[in-house]
Amino acid sequence: MPSGDQVLVVTGAGRGIGAAVARLAGARGYAVAVNYVRDERAAVEVVRRIEAADGRARAIRGDVSNEADVVALFAEAARVLGPVTALVNNAGVSSRPGRLDGLAAGDLSRVLGTNVAGTILCAREAVRRMSPRHGGRGGVIVNISSAAARLGGPGEWVHYAASKGAVDTFTIGLAREVAAEGIRVNAVRPGLILTDIHTTAGDPDRPARLAPTIPMGRGGTADEVAEAVLWLLSPAASYTTGAILDVTGGR
């Protein structure tokens, strides 16, 4: 269990994996900044559930693809909750599934802006607060990648898969860059997870269609991913950095 002064920023925490991570972290003693970009009601509900269990949390709006929003997010989290000691880079988007030759440039920009630039900008702000070079005392970053990074996403989201491949590479590089400064950086690579991302992307039947391709025979849950994230955040993973943990049911 973390001590009471552990402050965690979770991006894209209003729903799905981000919400599950925020709720579990709150239950385990973290003060949680619940970041969202549009759905304030969902983020406030996550905060309400954390507070109902005697935790501390605050919903903070911010688009991670916008540098000014990222800076403001971390400043507000520190102001209302205390110095940021942990980050889960969960915010991510996809687009309607399809082949590369049908990809719109706007969708590509949005996916790269959120999944790659957003992850890097948030990690930058975290390092600026955690590193002893800036007066910090270390910390932990967990990036949410995807099994698509190694499967490639053919016929669906090769651009999304490429963005998550960038997250994997960034995780390894940053982990080595800041390891001596007391900052651990790891990633969780979920597989087919039963969240509303499939409906949002226009393919609500995808989990049922792909379940037979998974060795365990089913999709995973956001709570199962959250457990992996919380382990990497915890002192139990104190000698783990630069790791990419698959939570894929064997796929």
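Among LEU103, LEU174, LEU233, what is the fewest-to-most ranking by other Cβ atoms within 10 Å? Present the calculation step by step, with values, prior to reporting the outcome.
Details: LEU103 16, LEU174 22, LEU233 27.
Least crowded to most crowded, the residues run LEU103, LEU174, LEU233.
Kindly put TYR239, TYR30, TYR36 in sequence by how many other C-beta atoms sit within 10 Å of each C-beta, fewest to most. All intermediate terms of the calculation are to be shown ahead of the outcome.
On the way: TYR239 6, TYR30 30, TYR36 25.
Taking fewest neighbouring Cβ atoms as first place, the list is TYR239, TYR36, TYR30.
Rounded to the nearest 500, what is the 222 nm mean residue ellipticity of the chain from helices alone, with -39500 (n - 2.57) per DSSP H run of 4+ residues and division by all residues? Working shown, then result.
Details: 10 runs with 106 residues, N = 251.
Roughly -12500 deg cm²/dmol at 222 nm, from the helical runs in the chain.
What is the extension gain from THR221 to GLU40, computed as 0.36 nm multiplied by their sequence separation minus the C-alpha to C-alpha distance, in nm to one decimal? Don't skip to the end; give the middle numbers.
Numbers: separation 181, 0.36 × 181 = 65.16 nm, distance 2.29 nm.
Extending this stretch completely gives an extra 62.9 nm.
Out of VAL178, LEU87, ILE214, whose Cα points farthest toward the positive end of the dipole of the chain (charges: +1 Lys, Arg; -1 Asp, Glu; placed on Cβ)?
VAL178
Please check which bits of the range 21-45 a label hung off ASP196 would reach, taking the label as a point 7 Å along Cα-to-C-beta and the cut-off as backbone N under 19 Å.
The answer is 21-24, 34-45, whose backbone nitrogens lie closer than 19 Å to the label point.
What does a probe at ALA104 reach in the range 59-76, counting residues whose amide N is under 17 Å from the point 7 Å along Cα→Cβ?
Correct set: none at all.
Using alpha carbon centroids, what distance separates the range 32-81 and the range 156-180, in Å?
Computed from Cα coordinates, the inter-centre distance equals 24 Å.
From Cα pairs below 8 angstrom and at least 6 apart in sequence, can you work out the relative contact order of the range 7-247, rounded to a whole percent?
Values: 492 pairs, mean separation 45.0, N = 241.
With pairs under 8 Å counted, the relative contact order is 19 percent.
R0 = 41 Å: FRET efficiency of ALA179 with ASP205, Cβ-based, nearest 0.05? Mind dumping the intermediate values first?
Details: r = 43 Å, r/R0 = 1.05.
With a Förster radius of 41 Å, E is 0.45.
With springs connecting C-alpha atoms under 10 Å apart, model the chain as a Gaussian network and identify which of VAL158, VAL140, VAL32 has the largest mean-square fluctuation.
VAL158
Under a 10 Å cutoff between Cα atoms, tell me which one of GLY173, GLY29, GLY62 has the largest fluctuation in the Gaussian network model of the chain.
Between GLY173, GLY29, GLY62, it is GLY173 that shows the largest mean-square fluctuation.
About its Cα centre, what dipole magnitude does the chain give when the only charges are +1 on Lys and Arg Cβ and -1 on Asp and Glu Cβ, stated in debye to the nearest 20?
On the way: 28 positive and 24 negative charges, 46 e Å.
Computed charge dipole of the chain: roughly 220 debye.
What is the order of LEU192, LEU151, fewest Cβ neighbours within 10 Å to most? Walk me through the intermediate numbers first.
Values: LEU192 21, LEU151 14.
Ordered by Cβ neighbours within 10 Å, fewest first: LEU151, LEU192.
Remind me, relative contact order of the range 128-251 in percent, using alpha carbon pairs under 8 angstrom and six or more residues apart? Write out the running numbers ahead of the final one.
Values: 205 pairs, mean separation 36.1, N = 124.
Computed value for the range 128-251: 29 percent relative contact order.
Measure nothing but the geometry: give the 0 to 90° angle between the long axis through the Cα atoms of 16-27 and the longest principal axis through the Cα atoms of the chain, rounded to 10°.
Between the helix axis and the principal axis of the chain, the angle is about 30 degrees.
FYI, it's all coordinate maths here, none of it is from the lab. Predicted model, so just to flag it, every value in this text is computed and none were measured. Here Cβ is always computed from backbone atoms with ideal geometry, including for glycine, and neighbour counts include all displayed protein chains.
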